[in-house]
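Here's a structure for you.
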Amino acid sequence: MDEPALTGGICVGCGICCDGTLFRTAALLDSDDTAPLESARVTLVTRPSGERAISLPCTAFRDQCCSIYDVRPHICRAYKCQLLQGYEAGDVSYEDASGLISATLALRDRVKPVLVRLLAVDERAALEELFRLLLARFEMGSPFARPLPRKVDLGGHPDDVLDVLPMTEPASRLALLAGGATVGELATRQADLLRRYHFATDAEHGGDRDGTLAERASVSHHLGDFEMARSLGVELVDLRTDTLGPEHVDTLDARECVAVWTGQAGNPMRARELHADLLADRSRILGETHDSTLGSRHELVDWTGLCGDPEEALRLGLELLTDLVRAGRDDHSGTLALRHSVAYWTGVSKEASVTLRLYVELLTDRQRLLAEDHSDTLATRSAVAYWTGAVGDPQAACDLASELLLDLVRTSGANDPVTVAVGRAAAFWSRQCDPPEP
Ligand code: SF4
Ligand code: SF4
């Protein structure tokens, strides 16, 4: 190897592959001399497969570099992360690589203690493992479903928010280290959205302030800036109230967006209140059986659960489901979406086998009514994979997630955030079948 890790270049000051951030162990070969490791008080362990390995964090990693560099094992000589490979190939500059490493170390030091607390796991867990666990937990429902929590508060600092789907900047840094989408690809996606935001001006919309606000709010939402989306949405509601009247359907629709973004911005209690107010107004103005009124009832189901009351969410969901079936709307897309929510809240409040049965039944109906590649069908397959693992069959869960992954790569591309998330879910279940360390 030409420029080994931890001797110079970008590796000095990094050490993420040695300090337990990425991996929990590093495998040794029979030909590795363990004497230098033992004299450096490196802890050696035996993997379940019988391989000898260094337990990470490695005690030979001192002062930000390897203290036994000349006699380090083969694996340490051979390993190169994607960033190092890009740097050595000349695709990434020294400044960009160093900046990314510094930002990643700072991000790790902020998020890791909170992730450990949030997931209640061993603090020796590697960051990639924690991140995959987090994604797997959110896979319980659907990566596509509207009402699932999109943000995890990691401790109060505004930057300490990991936006799981779509991946935003903090997650993209972790994804780079974990082998997901490149920062460049994610940056291009964000730049396109920002360009759309800045082109959304009153002049561009022919002086139409309503169009400008609606476009900017929508783009802010896609960028993951839910607070900005909410604030622009409030402006839009005020404008429509003045120009169209408070009971116009477009005013009511804008109120629904504000309610959703309020929740996504971190205030689910207020979101539930706003949805309840809107439901009352839609029932009065549009009638109990109008699609929008039924949509508000569904929103109330989910935000009730997100406020920490899954039993009440399930009760409301089953009540609405009964009404929809009684109205002969069994195959309506809104009814299928509600069944997804009912299955989700069942999963939070009841045993896994019931939840798996609900998702399997839903998948059968979605495959009957929708295309195989429809995002709702794929989302339900993801949930079936998760709950198959949750009932104790990680091998089948891994197989289902892997099959889904192939379809997502074909339909959405390898670097789509949902594809990356399902890939991690497959890896997660694979590890449950075969626990050896990385
Ligand atoms: S994670 Fe990559 S850049 Fe950092 S020390 Fe390891 S090989 Fe070098
Ligand atoms: S021996 Fe050196 S290169 Fe290998 S894990 Fe330990 S500190 Fe890192």
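Computed from the coordinates by the stated procedures, all read-outs in this text should not be read as laboratory data. Values in this document were obtained by computation on a predicted structure and should not be read as measured data. Here Cβ is always computed from backbone atoms with ideal geometry, including for glycine, and neighbour counts include all displayed protein chains.
Note the full-extension length gain between SER49 and LEU369 as 0.36 nm times their separation in residues minus their Cα-Cα distance, in nm to one decimal.
110.6 nm
Can you put GLU235, GLU288 in order, fewest other beta carbons within 10 Å first? Before the final figure, lay out the partial values.
On the way: GLU235 16, GLU288 11.
The fewest-first ordering by Cβ neighbours comes to GLU288, GLU235.
What is the gain in length, in nm to one decimal, between GLU235 and LEU318 on full extension, counting 0.36 nm per residue of separation less the C-alpha to C-alpha distance? Intermediate results must be reported in sequence, preceding the final value.
Numbers: separation 83, 0.36 × 83 = 29.88 nm, distance 3.51 nm.
Between GLU235 and LEU318, full extension yields 26.4 nm more.
Another question about this same structure. Would you please put 98-104, 40-46 in order of how densely packed they are, using the mean number of other Cβ atoms within 10 angstrom per residue and starting with the highest?
The densest-packed peptide leads the list: 98-104, 40-46.
Something else now. Using mean Cβ contacts within 10 Å as the protection proxy, how do 81-88, 329-336, 377-384 order, highest first?
Highest mean packing first, the order is 377-384, 81-88, 329-336.
Quickly work out the GLN85-to-GLU311 label distance, labels modelled 7 Å from Cα along the C-beta direction, and quote it in nm with one decimal.
Calculated label separation equals 5.1 nm.
Moving on. Return the FRET efficiency for the residue pair ARG357, ARG431: r is the Cβ-Cβ distance, R0 is 22 Å, and the value is rounded to the nearest 0.05. The partial results should precede the final answer.
Details: r = 26 Å, r/R0 = 1.18.
That gives a FRET efficiency of 0.25.
At 7 Å along Cα-to-Cβ for each site, give me the label-to-label distance between ASP242 and TYR94 in nm.
Simple spin-label model gives 5.7 nm for this pair.
Under the 0.36 nm per residue contour assumption, what length would be gained going from the current alpha-carbon distance of GLU123 and ASP63 to full extension?
19.4 nm is the gain from fully extending GLU123 to ASP63.
What percent do you get for the relative contact order of the range 9-85 when only Cα pairs under 8 Å and 6+ apart count?
For the range 9-85, the relative contact order is 38 percent.
Measure off 7 Å from each Cα along the Cα-to-Cβ vector at HIS74 and LYS350, then give the distance between these two points in nanometres to one decimal.
Here the modelled spin labels are 5.4 nm apart.
Determine the distance separating the Cα centre of the range 360-411 from the Cα centre of the range 286-332; give it in Å without decimals.
24 Å
Under 8 Å for C-alpha pairs, at least 6 residues apart: give me the relative contact order for the range 269-350, rounded to a whole percent. Don't jump to the answer; show the numbers that get you there.
Numbers: 67 pairs, mean separation 20.4, N = 82.
Relative contact order here is 25 percent.
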